[in-house]
Amino acid sequence: MMRLLAVASLALALTACDKPEDPAPVDIEQMNKDALGPPVQITLDPINFALIEKFDLFGAGCSFRPEGWTDLAIIANDQEATIIIGGEAVQAAADAGSRELPYGARAEYDGLSQAFELNLDEGEQLTEDYEVSTYSGTLIVRDDQDRVVYEQTGTYECGA
C-alpha cells in the first residue's frame, strides 16, 4: 500500500511539473474589427443645382457623376470636397499630400466621419472642352474606421 501511495504521489508530482501549453496569440486587430461589426454602407444623395446653390459649391475643381445618374455625387475643389447624405452636406478637407488633380482638386480628402478617394484616369481623357475635361473613374468613401462604405464607377468632370 505504501508503495502504491508513493507511486501515486510521484505521478501527481510529475504532472504538476508539466509545463502548461502556451495559449494561442490574441489578434487584437481582428478583435477590434469584430467588435465594430461590418461597415454600414451609405447612400449618397444626388447633388443638383439647387443643392449647389444652397451649399455654395461653385468654383474650379472636379465633380463625379456615378453611372446612370444625371446629377452629381461629389464636388471637390482645392480646399474641400462635399457629398450629401440624408439632405445634409458632409465635407472633408483636401489632403495636400495627395496627388493633385486637374483644376486644383486632390485625389484624397479627409473628414471627421468620412474620407473620400477620387480615382480618375487622367490617361484616358474622354472629352476636353475649353474649360471642362471629362475622365472615367471611381469614387470611394471610407468611414472613420477606414472601411469602404461606398464605391461607384462613373465620370469625373474637371473644370472652372
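No value in this document is a laboratory result; all are computed from the given coordinates. Being a predicted model, the structure only gives us computed values, none of them experimental. Ideal geometry is used to build each Cβ from the backbone, glycine not excepted, and the neighbour counts take in all protein chains shown.
Descriptive notes on the structure:
- To the nearest ten degrees, helix 2-17 and the longest principal axis of the Cα atoms of the chain are 20 degrees apart.
- Ranked by how many other beta carbons lie within 10 Å on average, peptides 38-44, 151-157 from highest: 151-157, 38-44
- Amide H to amide H, with H built 1.01 Å from N, Ala92 comes under 5 Å of Ala81, counting only residues 5 or more places away or on other chains.
- Burial ordering of Phe55, Phe49, Phe64, fewest other beta-carbon atoms within 10 Å first: Phe49, Phe55, Phe64
- Highest-MSF residue in the chain out of Asp56, Asp71, Asp144 [GNM, Cα springs under 10 Å]: Asp56
- Projecting the Cα atoms of Gly68, Gln145, Gln114 onto the charge dipole of the chain (Cβ charges, centred on the Cα centre) puts Gln145 farthest toward the positive pole.
- Under the Debye formula (equal points on every Cα, no solvent term), log10 I(q)/I(0) of the chain at q = 0.08 Å⁻¹: -0.36
- Among Glu29, Glu108, Glu131, residue whose mean-square fluctuation peaks in a GNM of the chain (springs only between Cα atoms under 10 Å): Glu29
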